[in-house]
Amino acid sequence: MSKIIIIGSGLGGLTCGLMLAREGHDVTILEQQRRPGGCLQCFTRSGVKFETGMHIIGSAERNQLLGLIMQYLEVYDKVRLQPLDDDVYDIVVIDDERFVFPKGYDALIESLSGRFPDEAEHIREFFALVKEVANASAMHRLSIDDSDFVITTRYQMESINAVIDRYISDPLLKRVLVGNLPLYAGIKDKTPFSTYAFITDFYLKSSFRFADGSEALSDTMIKLFEQYGGKLYTSKQVVKIECDEHCARTVVTTDGSRFDADYVISTTHPARTIEWLTETKLLRPAYRNRIKDLPNSLGAFSLYIKFKPGAVPYLRSNIYEYPGGDPWECDKYTPDNWPLGYLYMHFSRDESTDTAKTGVVLSYMHYDDVKQWEGTEPMKRGAEYEEFKKRHAEHLLDVIEERHPGFRDLIECYYTSTPLTYRDYTGVEGGGMYGIAKDINLGAAGRVTHATRIPNLFLSGQNINSHGILGVIVGAVITCSEFIPIERIFSEIKSFYDPSLAQ
Ligand SMILES: Cc1cc2nc3c(=O)[nH]c(=O)nc-3n(C[C@H](O)[C@H](O)[C@H](O)COP(=O)(O)OP(=O)(O)OC[C@H]3O[C@@H](n4cnc5c(N)ncnc54)[C@H](O)[C@@H]3O)c2cc1C
């Protein structure tokens, strides 16, 4: 059995850790923060819990893909999932019109066709393609045959808007179809259609929130990981990976602790991982430069609201509002017209009254907006930064109040975060929401594989496959297939399928 050091205790690190410790490997996870979990962390202020980076998950019914994987990871029955409203899990508001997204392909096609009857046939064809592309992935089918490689590759190279333009003529419908764009921080002419297909399919099948916060998932995974003999050390910030002329040998943290390894798996940003290597010749300069230059996804300004007790009925839908009218344009805001769009959600349901204790509003924010404070630490960034956050929070609330009069009266207090917060709590480059951004124009050069030229150094986490709960877990499965035969992983996941539940 091998000694494996994993860097980072977010979903990627915990999934790899759990899978490999269960196989009997000697696994240690090193986490820089005092609290583990990365984007699965919640925080508590004024007695209520706020979600930071894992708000909605999809395909988590018992027989659906994430549900099966969660059973394989032994976490399914240990975390409480709160289903969103089947009739309307997403609400997209564009040009003051409200579009509802119900669960299931047929229901969504019917709903959109009712509003856009001239496009009915095109809508059907478009969603048939979404389904085909999502199903083309080997992981999706839990099968190692790659017969649909052609479809996957083609739609990794074509942008979302190009495909939508091919199928749909109505300009409003084109915008509605990308109404949940913040879930993948899509950029026009860049983000691949395959990303759209996976995410649309994922949430269309079923959508949930974590009833006790996403930290319930990380807490459960850590407990299992430790039961399998894994060790997790927090406040251990990795700064160096010592190498000999062939391999990675020892991982070193800021406090001087040294961890010898047969294998190292880094789930942090690949550009950082490369900088930690003491032997530069092990990786080609072209590879280093390529990784360093990869674009990162957009960051967000988050407004965490504590509602007055019992004041707000708990909403089982997510609301995407676009004061700017176009989801594609939201990242092109100026100081005068921010925010051009935002996502609004409820959390911390009071189960006795079915009211929401908290809400979160997310709106894009570029790292450059907060760059002047990048040399500062959390809670010590100074009065000017606090004023910046307050100004943005108040403005965001003004915009919401204009559309929903009385909203301010429901609020007891609020807290905020910026891309700097995410940079400092998760180590993500530029505080981006989803790690490295996918760009069709970069082709294969835009992708990072789990294997490196260093035979015992692997990568995992949101940068190697895709972000989000499914993207990261699938990435971890790919990384762990270096240690566990992929056929076995797939067949074990499939074994949880319960035919008696199939309709
Ligand atoms: C605002 C926001 C909203 C989101 N909403 C959703 C959603 O609704 N649904 C969904 O599925 N996904 C969502 N995501 C995406 C999802 O949360 C992430 O893709 C996923 O959690 C990333 O997991 P990870 O393990 O790759 O990285 P992380 O969770 O970032 O974990 C990386 C870990 O590495 C640690 N680390 C970094 N550097 C070092 C170092 N030098 N030494 C030791 N440790 C280090 C970090 O502290 C961190 O704990 C959201 C993300 C954000 C930011």
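Each reported figure results from applying straightforward, stated rules to the coordinates on display, with no laboratory input. Please read these numbers as outputs of a predicted model, since none were measured by experiment. Counting neighbours? That spans all protein chains shown, and the Cβs are built from the backbone with ideal geometry, glycine included.
Summarising the label geometry, the points placed 7 Å from Cα in the beta-carbon direction at V239 and T353 lie 4.9 nm from one another. Averaging Cα coordinates gives a centre for segment 1-61 and one for segment 251-290; these two points are 20 Å apart.
Scan the chain and note any complete DSSP helix (H) whose C-alpha atoms cover at least 15 Å along its axis and whose Kyte-Doolittle average is -0.5 or more.
Details: long enough: 11-22 (16 Å, 1.25); 105-115 (16 Å, -0.08); 120-135 (22 Å, 0.13); 193-205 (18 Å, 0.48); 215-227 (18 Å, -0.06); 383-403 (30 Å, -1.25); 468-480 (18 Å, 2.48).
Both cut-offs are met by 11-22, 105-115, 120-135, 193-205, 215-227, 468-480.
Sequence-ordered 3J(HN,Hα) estimates for segment 318-323 from the Karplus curve with 6.51, -1.76 and 1.60 and θ = phi - 60° stand at 9, 10, 10, 10, 10, x Hz, glycine and proline given as x.
Cβ crowding within 10 Å, taken as a proxy for footprinting-reagent exposure, orders C16, C247, C413 from fewest neighbours to most as C413, C247, C16.
Counted over segment 105-208 with a bin width of 5 Å, the fraction of Cα pairs per bin, in whole percents, is 2, 12, 23, 25, 20, 12, 4, 1, 0.
Under the rule of at least 5 residues apart or a separate chain, name every residue whose amide H is placed under 5 Å from the amide H of T355. Distant-sequence amide H within range of T355: Y314, D350.
Sorting S317, S159 by the number of Cβ atoms found within 10 Å of their own Cβ, with the fewest placed first, yields S317, S159.
Sequence-ordered 3J(HN,Hα) estimates for segment 263-274 from the Karplus curve with 6.51, -1.76 and 1.60 and θ = phi - 60° stand at 9, 10, 10, 9, 9, 8, 4, x, 5, 5, 4, 4 Hz, glycine and proline given as x. Residues whose amide H lies under 5 Å from that of A451, counting only those 5 or more places away or on a different chain, are L459; hydrogens are built 1.01 Å from N in the peptide plane.
Taking neighbour Cβ counts within 10 Å as the exposure measure, how do T358, T376, T421 sort from fewest upward? Numbers along the way, then the final one.
Details: T358 25, T376 14, T421 20.
Arranged by neighbour count, lowest to highest, T358, T376, T421 become T376, T421, T358.
Put a plus charge on the Cβ of each Lys and Arg, a minus charge on the Cβ of each Asp and Glu, and nothing anywhere else: the dipole of segment 320-462 about its Cα centre is then about 700 debye. Given +1 at the Cβ of Lys and Arg, -1 at the Cβ of Asp and Glu and no other charges, the dipole of the chain around its Cα centre is 1280 debye to the nearest 20.
Within the straight-line cut-off of under 19 Å between alpha carbons, the aspartates and glutamates reachable from K49 are D212, E215, D219, D350, E351, D354, E412, sequence neighbours fewer than 8 places apart in one chain being disregarded. Taking amide H atoms as placed 1.01 Å from N in the peptide plane, the amide H of C42 lies under 5 Å from those of E215, each 5 or more residues away in sequence or on another chain.
How many Lys pairs in segment 105-208 lie less than 18 angstrom apart by Cα atoms, where the lysines are 8 or more positions apart or on different chains? Please list the in-between numbers first.
Numbers: K131/K174; K131/K205; K174/K188; K174/K190.
Taking segment 105-208 as the scope, the lysine pair count is 4.
Give the lysines reachable from K236 as a straight Cα distance under 25 Å; neighbours fewer than 8 places away on the same chain don't count. Excluding near neighbours in sequence, the set is K3, K223, K292, K380.
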